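*Asks:* Sharing a structure here in structure tokens format.
The values are calculated or read from the model by the stated rules, or taken from the named source; none is laboratory data. Computed from a prediction, not measured in an experiment: that's the story for all the values here. Ideal geometry is used to build each Cβ from the backbone, glycine not excepted, and the neighbour counts take in all protein chains shown.
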């Protein structure tokens, strides 16, 4: 080999490496390459963006929408001229401004976790349940397990402080139960829990009532998931410990069991919320007899469908979820992941479901790693509320966190 070639080959090889390194961290075309981003985001210039919803990069980098349009599913679509009019609704990542009657974008970049320090607070616990009571404008929490045992207390969050309620009747002490708000009947519905229970209770803002005049009740269970479908006016329940993969629905007076196929495999510790933009319940994760799961399913009232987004959170159980009705996004935080060297892995990541995919919010660092916490969306304050949880199976938390602008 000549002296010229001996010098030219290393130089050429160095040039190839340099070019490759540059192209792996910057956008190489109008569509962006996403090489430097994670969680469903794409690199546009030096910024990670969501091409499905970003009006400045809609469907591809630098493809912008006008102020009269929103980016939905990667395409620019017209916003309502009057979002307060009957039948009109703002799209994902937008909120209706009543004063201007315009849809205003609420950027996910401005959403953060904040630790609150209320004057009063429930005790540290794991496995409580929480739901937003729309009729009374309060987030309601019941039960859980603390150092002194199971709780049978009812608490309400008004956006600044917790208030302990003292109803004449209430469910027995328990954890790992489910609660949803029945918007049709203006009641919170509670089901199941540990110690193993098949009881159904409702909360009217003053008292708890056990629903006893029912012909059928799902088998006793805990660690199940439940969501309320306002379109069909039903609460849907799936999974749980000591049960099958059957689907149950509550219509305000009675339960009925459904056996659709296909359906998710039997599991406990899954999470579920109702997606108003798609009029369906979304279920994620859980744990089966053999493994921790990371699949996403939807229930439309007739059939289950496994969704297969390109990006999704790592497998986990006992995560917390809530649905942001203003931005039309499902929010997921933390949970217990796959074991590492024989010990549970506790997570502290924040993910959003946008109707087609999961997107990780890497700028949303907040609560420490935990599982078995409770979450609910506080509608008038436009915030997700998180309370409690556990780490390493023994350390229970008594913190109140909110996620919002």
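*Asks:* For region 236-245, name all the residues that are within 17 Å of residue 295 (Cα to Cα) and either in contact with a helix residue (DSSP H, G or I) (Cβ under 7 Å, 6 or more places away or on another chain) or touching a residue at least 60 places away in the same chain (Cβ under 8 Å) (or both).
*Replies:* Hit for region 236-245 is 238, nothing else.
*Asks:* Consider region 125-171. How many of its residues are in a loop (DSSP other than H, G, I, E, B) and either in contact (Cβ under 8 Å) with a residue 60 or more places away in the chain or not assigned by TED's automatic domain parsing to the domain that holds residue 222 (or both)?
*Replies:* Filtering region 125-171 for residues in a loop (DSSP other than H, G, I, E, B) gives 127-128, 134-137, 147-148, 158-161, 166-171.
From what is left, the residues that are either in contact (Cβ under 8 Å) with a residue 60 or more places away in the chain or not assigned by TED's automatic domain parsing to the domain that holds residue 222 (or both) are 127-128, 134-137, 147, 159.
Matching residues across region 125-171 total 8.
*Asks:* What do you reckon, is residue 354 surrounded by 24 or more Cβ atoms within 10 Å (Cβ to Cβ) and either touching a residue at least 12 places away in the same chain (Cβ under 8 Å) or in contact with a strand residue (DSSP E or B) (Cβ under 6 Å, 6 or more places away or on another chain) (or both)?
*Replies:* Numbers: surrounded by 24 or more Cβ atoms within 10 Å (Cβ to Cβ): no; either touching a residue at least 12 places away in the same chain (Cβ under 8 Å) or in contact with a strand residue (DSSP E or B) (Cβ under 6 Å, 6 or more places away or on another chain) (or both): yes.
It is false that residue 354 is surrounded by 24 or more Cβ atoms within 10 Å (Cβ to Cβ) and either touching a residue at least 12 places away in the same chain (Cβ under 8 Å) or in contact with a strand residue (DSSP E or B) (Cβ under 6 Å, 6 or more places away or on another chain) (or both).
*Asks:* Right, something else. Run down 114, 99 and say which single residue is exposed (fewer than 14 other Cβ atoms within 10 Å of the Cβ) and not in a strand (DSSP E or B). If you could, list the steps in order and put the result at the bottom.
*Replies:* On the way: 114 fails: not in a strand (DSSP E or B).
Going through 114, 99 in turn, just one is exposed (fewer than 14 other Cβ atoms within 10 Å of the Cβ) and not in a strand (DSSP E or B): 99.
*Asks:* For region 246-269, give me the residue count where each residue is within 15 Å of residue 228 (Cα to Cα) and either free of Cβ contacts under 8 Å to residues at least 24 places away in the same chain or not assigned by TED's automatic domain parsing to the domain that holds residue 305 (or both).
*Replies:* First, pick out the residues of region 246-269 that are within 15 Å of residue 228 (Cα to Cα): 247-256.
Those still in the list that are either free of Cβ contacts under 8 Å to residues at least 24 places away in the same chain or not assigned by TED's automatic domain parsing to the domain that holds residue 305 (or both) too: 249, 251.
Total meeting the criteria: 2.
*Asks:* Of all residues in region 380-396 being more than 15 Å from the chain's Cα centre (by Cα) and assigned to a loop (DSSP other than H, G, I, E, B), which is surrounded by the fewest Cβ atoms within 10 Å (Cβ to Cβ)? Show your work before the answer.
*Replies:* Taking region 380-396 and keeping what is more than 15 Å from the chain's Cα centre (by Cα), we get 380-381, 388-396.
Applying the additional criterion that residues be assigned to a loop (DSSP other than H, G, I, E, B) yields 380-381, 388-389, 392-394.
On the way: 380: 11, 381: 17, 388: 28, 389: 32, 392: 11, 393: 13, 394: 8.
Looking at the filtered set, the residue picked out is 394.
*Asks:* If you go through region 96-147 one residue at a time, how many are modelled with pLDDT of 95 or more and either under 30 Å from residue 78 (Cβ atoms) or in contact with a strand residue (DSSP E or B) (Cβ under 6 Å, 6 or more places away or on another chain) (or both)?
*Replies:* Kept after step one, since they are modelled with pLDDT of 95 or more, are these residues of region 96-147: 113-146.
Still in the running and either under 30 Å from residue 78 (Cβ atoms) or in contact with a strand residue (DSSP E or B) (Cβ under 6 Å, 6 or more places away or on another chain) (or both): 113-116, 118, 120-134, 138-146.
The number of residues fulfilling the criteria is 29.
*Asks:* For residue 361, all conditions in the list (1) under 14 Å from the mean Cα position of the chain (by Cα); (2) farther than 14 Å from residue 273 by Cβ; (3) surrounded by 24 or more Cβ atoms within 10 Å (Cβ to Cβ) hold save one; what is the number of the exception?
*Replies:* (3)
*Asks:* Restricting the search to region 356-376, which residues are at pLDDT 95 or above and assigned to a loop (DSSP other than H, G, I, E, B)?
*Replies:* Within region 356-376, 367, 368, 369, 370, 372, 373 qualify.
*Asks:* Which members of region 277-310 meet the condition of being within 20 Å of residue 251 (Cα to Cα) and over 18 Å from the mean Cα position of the chain (by Cα)?
*Replies:* Those that are within 20 Å of residue 251 (Cα to Cα) and over 18 Å from the mean Cα position of the chain (by Cα): 301, 302, 303, 304.
*Asks:* Now a separate question. What number goes with the only condition from (1) surrounded by fewer than 22 Cβ atoms within 10 Å (Cβ to Cβ); (2) under 19 Å from residue 132 (Cα atoms); (3) in contact with a strand residue (DSSP E or B) (Cβ under 7 Å, 6 or more places away or on another chain) that residue 210 does not pass?
*Replies:* (2)
*Asks:* Please pick out the residue among 206, 202, 212 that is assigned to a loop (DSSP other than H, G, I, E, B), more than 24 Å from residue 336 (Cα to Cα) and at pLDDT 95 or above. So that I can check it myself, show each step before the final result.
*Replies:* Values: 202 fails: assigned to a loop (DSSP other than H, G, I, E, B); 212 fails: at pLDDT 95 or above.
Sole residue among the options that is assigned to a loop (DSSP other than H, G, I, E, B), more than 24 Å from residue 336 (Cα to Cα) and at pLDDT 95 or above: 206.
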